[in-house]
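Visitor: Here's a structure for you.
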Amino acid sequence: MSLLEVDKISMRFGGHVALDAVTLHADPGLVTALIGPNGAGKTTLFNVICGLLSPSSGDVYLDNKSLTKLKPYKRARLGLARTFQRLELWSLLTVRENVQVAAELRAGFGSDGVDPRSEIESIVERVGLSDMIDHRVDELPTGQARLVEIARALATKPRLLLLDEPASGLDDQESEGLGHLLRELAADGLAVLIVEHDVQLVMDVSDHIFVLDFGRVIANGDPASIRTDPAVLAAYLGSSLEQPS
Amino acid sequence: MSDFLSFTIVGLATAAIYAIGASGLVLTYTTTGVFNFAHGAIGMLGAFMYWQLRFDWGLPAPLAFLIVLFGFGPLVGVLLERGIFRGLQGTSEAVRLVVTVSLLFAMIGVANWIWDPQENRLSEKFFGGSSFKVIGEIITYQELLRVGAAVVVAIGLRVLLYRTRAGIAMRASVDDRPLAALNGARPDRSAMLAWAIGCSLAMLAGMLYVGGIALEAQSISLLIVNAYAAAMVGRLRSLPMTFLGAIVIALVQTYWGAYVPQGSEAAWAQYFGQSIVFAIPILILFIVLLALPAARLRGHGLTRTREFYPMPSWVGASRFAAIVLAGALMAIPLVAAKDSLTIAKLFGTGILVLSLVPLVGLGGQVSLCQFSFAGIGAVTMSHLGGGSPIGLVYAMVFAGIVGAIIALPALRLSGIYLALATAAFAVFMDRWVWKLKPFKLPFTDVTIDLFGTAGSLSVERLKIFGFDSGAKGKVLGMNLSPEDRQLIVMAVGFVAVAMVVVAIRRSSFGRRLLAMKDSEAACATVGMNVTGTKLAIFSTSAALAGLGGALIGVANQSTNADNWQFLNGLPVFMIGVVGGMGRIGGALFAGISLQVLNTMAAWPVLNTRFLGMGPAPEGWYSKFAFASPGFMGIGLGRNPNGAVSDMRVGFEPILMSRRALAIVSIGIVGLYVATLRVDALNGWIFILGTVVLLIVGAQIGKSDAIAKGTLEPDPDPSIEEFDGTHLEWVGIDRPVTDTDIALLDSKLGLTREALA
């Protein structure tokens, strides 16, 4: 069984079905991507996995343990960390303090003796923000602010990292750096689940891709198979363009 | 059965008033996002205006009624929307809250200003109290008017919101203001309409309520708390549920008053039974809060804020402590014993504001009941203290526990509910708990006795480490009266609490609080138990308030229920926010301001004691002093960091230049010694001289620092400032005007000629 198992999750908002029996998984040591057009339900699924939304039906398991009834903070304590598409940084605090708060919490709730409080600077360095460490985060451009969110998530020493569009707002060079970082994290044994619109980045770094459209998983497989999958092409390009005459 | 019917009719008539009041509240909240704590005060103004027209000026009742309903009501609504509420778009919930609470306070102040509260104003019953009979039941025309008005309001609002273009535009602008505007609606106009109708409904409720009773500004304004409970049943959204809530609350209240034994043998039933009638709506409010589902954690995206919470250093905090303690000690020889006590109370108020700094400033949570916690502290100190510092510990523990119990139901919900719950708790204490006479708990031998039979308790003065604060005589060569000793105790208490607050800000807990204020969703996803954190800070804050209350009780040597009324506590909250909730200096500012205002309110005392200018003229300034915290709070929003932040920027240069520091310190010490030695100089001259020295010192320091290059000279105001607003904030702080564009064009050289 995988570290993260999403089992037939459905989410309805009134009459609108945002997620329709979505099943997917993510494994340690791998970068798993979740792609799909705008409005496909990717962020909704992230919110369900981390507990900010309760699903209408279905279950989420982390390491065989059902998370479905747990509050978000308890899920985080089991090793689940995330970033947000619309940044959720603590703008009154500096980069260092943002990471520090997460590290201090982890030192408090962890039972494995891990104390990331001494690693704050190295975590910030890892995402390439050492120069900005004592700046207030609301002074940072969006791309760098996204990296602060990643650093903060890493400070909780997670087993599963959910990244919601981490590359948006990054320039090409930064994007490339992010790709390296993601591969490194997977190599460290982390399960990384990423939602991203930058198809090039996704194809470069992912081991496995799930494609979501209108709340359903329409395809999954390795990057090469996804690239040529007719259903994926239809969803992204529109069926009328599928077979140009 | 017949009794039951007539009680039901009375209950329904009361329900009608609650429903009308609550529906106006729900209407303005849902259409503008502003929860108006001053709604009841607007109703109170309506009632007073009606009284003025009808009974003082002798207009016919229907005419007076219609003038208030369709004239004053909409007018006040439009003025408030244009003058205050429009400016609150896009501000934080806390700022909106402070502004409406300040408005409540200011309106009561204004009403007491215009209509002297000493005078008895009876508003007669409508239709002269005449009645008619239906199936054997007497129904007064006044009751019929109340119920009829509620029915008309219910139908009218339904038609307005669902059948008219204006109403649909109003509902649309709640969902998405810019989107509604893009679709041709005018959100500003919708908001204005909502405020006009909301204020008219408030005034209608106010006028209907006062038929047959004597007008009293504060109690009518607080009637709104009953309406909150009804509005909460409708979850601040649903008008039908709000009406249902009003009916349930009023009927429970009426039946309780009618059927629960009163004046029976058992003392507990007598006291328990009678006064709790007034607290029933609040009990229902709490039950509803418990029943509401927890709010979903929502993100809001990264916000850029002008708020600034600097990390205080221990050096800076120690310097602050030293200045405060030195100031207190230096004041003793300058002022009479009685004035030592006045200054001591300033620190008491300061402690109460300090208790809010971690809660409001760091945690972003609101409490409107710090005075109730302070009251609990004072009562505990009286009963368990006996002059021992352990009493202070008990005071903190009790207040902290009660704080946790109060906060628990509301903390699961969003900010406005916590504000409501705390306001409701304060009124609950006022209406019931503080009024309890000693009674035996049923089936036990335990006697509950808060303020004793006399309604007032004595509090013994503290004896700490051999220092008896109630004694006279010399300590370390200084001749100290008991009042002087209170000043020392309070100053030490203030400094101690200030250090606790600094420690909280510097700790990991402090960082967590600031994080929580910013994004609760992010906190939860890194493993923070947000509800637990809120609970911890709320009860810590309550405990600090309890300590403040206990110390105030000790300084006064007594405490009674009147000391801790909800309305008395509001200025502390408002001025605290104005002073700046992020800094300990803000608390000192608030303490000094409130003490100055209180002293102004008691001008004759101040005058004879310090100035000797003979009897005071008419006491308008005392009324102004009462209302002014309200006016100050309304002006908030322009500077969310508070006044102290600005002052600090102004005086900081003194510390940047040794020359300035030397001039100021030597000057103050010299002035002080001169004041002690020379009879012609008094405390006021010393204070004035100190202020002058500080201002001069700041100027010297500034020029020195600019010369040294450690401080940037002031920028050219014509470039940086646009009509008092920094260029970057034009369009955010206030709309862009044609003058701004013309000025920008001229700076950029985009003149008509250049463009041509």
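Visitor: When we measure straight from the Cα of B:K440, which aspartates and glutamates land under 18 angstrom away, once same-chain ones fewer than 8 places off are left out?
Guide: B:E265, B:D449
Visitor: Averaged across B:512-521, how many Cβ atoms of other chains sit within 10 Å of each residue's Cβ atom?
Guide: 5
Visitor: In percent, how large is the relative contact order of segment B:324-631, given Cα pairs closer than 8 Å and 6 or more residues apart?
Guide: 34
Visitor: Which value results for Rg/Rh of segment A:88-156 when Rg is the Cα radius of gyration and Rh the Kirkwood radius based on the inverse mean 1/r?
Guide: The Rg/Rh ratio comes out at 0.97.
Visitor: Nearest 0.05, what FRET efficiency do A:R86 and B:E93 give at R0 = 30 Å with Cβ-Cβ as r?
Guide: About 0.95, to the nearest 0.05.
Visitor: Moving on. Please report B:I654, B:I287 as a ranked list, fewest other C-beta atoms within 10 angstrom at the top and most at the bottom.
Guide: Going from least to most buried by this count: B:I287, B:I654.
Visitor: Of the peptides B:363-369, A:70-76, how do they stack up when ordered by the mean number of other Cβ atoms within 10 Å, highest first?
Guide: B:363-369, A:70-76
Visitor: Then there's this: Give the residue from B:I220, B:P653, B:Q118 lying farthest towards the positive end of the charge dipole for the protein assembly as shown; charges sit on Cβ (+1 for Lys and Arg, -1 for Asp and Glu) and the dipole is referred to the Cα centre.
Guide: Value: B:Q118.
Visitor: Another one. Go through B:K345/B:K534; A:K42/A:K71; B:K133/B:K437; B:K338/B:K435 and tell me which ones have a Cα-Cα distance over 32 Å in this structure.
Guide: With Cα atoms farther than 32 Å apart: B:K133/B:K437.
Visitor: Here is a follow-up. Please state the Cα pair-distance histogram of segment B:653-708 with 5 angstrom bins from zero: what percent is in each bin?
Guide: Bins of 5 Å from zero give 4, 24, 25, 18, 12, 9, 5, 2, 0 percent of pairs.
Visitor: Within a Cβ distance under 10 Å of B:T531, other residues only, what is the Lys/Arg minus Asp/Glu net charge?
Guide: Combined, the nearby Lys, Arg, Asp and Glu give +2.
Visitor: Could you compute how fast segment B:386-467 diffuses translationally, taking Rh as the Kirkwood radius over C-alpha pairs and applying Stokes-Einstein at 10 °C with viscosity 1.306 mPa s? Give it in µm² per second.
Guide: After rounding, the answer is 102 µm²/s.
Visitor: Summing -39500 (n - 2.57) over the DSSP H runs of n ≥ 4 in the protein assembly as shown and dividing by its residue number, what mean residue ellipticity at 222 nm do you reach, to the nearest 500 deg cm²/dmol?
Guide: -18500 deg cm²/dmol
Visitor: Taking other Cβ within 10 Å of each residue's Cβ, how do B:S238, A:S66 sort, fewest first?
Guide: Ordered from fewest to most neighbouring Cβ atoms within 10 Å, B:S238, A:S66 come out as A:S66, B:S238.
Visitor: Another question, if that's okay. Roughly what would the spin-label model give for B:L661 and B:I287, points 7 Å off Cα along C-beta, in nm?
Guide: 6.4
Visitor: Ok, one more. Give, as a single signed number, the net charge of other residues whose beta carbon lies under 11 Å from the beta carbon of B:T164, with Lys and Arg counted +1 and Asp and Glu -1.
Guide: +4
Visitor: Let me know the mean shielding of B:358-364 by other chains, meaning the per-residue number of their Cβ atoms within 10 Å of its Cβ.
Guide: Mean partner-chain Cβ count within 10 Å for B:358-364: 0.
Visitor: May I ask you to derive the FRET efficiency for B:R163 and A:S10 from their Cβ-Cβ distance with R0 = 56 Å, giving the value to the nearest 0.05?
Guide: With a Förster radius of 56 Å, E is 0.90.
Visitor: If you take the alpha carbon radius of gyration of segment A:141-245 and divide it by 2.2 N^0.38 Å, what ratio comes out, to two decimals?
Guide: Normalised Rg, Cα atoms only: 1.19.
Visitor: What is the packing order of peptides B:476-485, B:103-112, B:428-437, taking the mean over residues of other C-beta atoms within 10 Å and listing the highest first?
Guide: Ranking, from highest mean packing down: B:103-112, B:428-437, B:476-485.
Visitor: Right, here's the next one. Per-residue mean of other chain beta-carbon atoms within 10 angstrom of the beta-carbon, peptide A:85-98?
Guide: Shielding by partners across A:85-98 averages 6.
Read-outs: derived from the displayed coordinates by stated rules, not from any lab. Because the structure is predicted, anything quoted here is derived from the model rather than measured. Backbone-built Cβ (ideal geometry, glycine too); neighbour counts: all protein chains shown.
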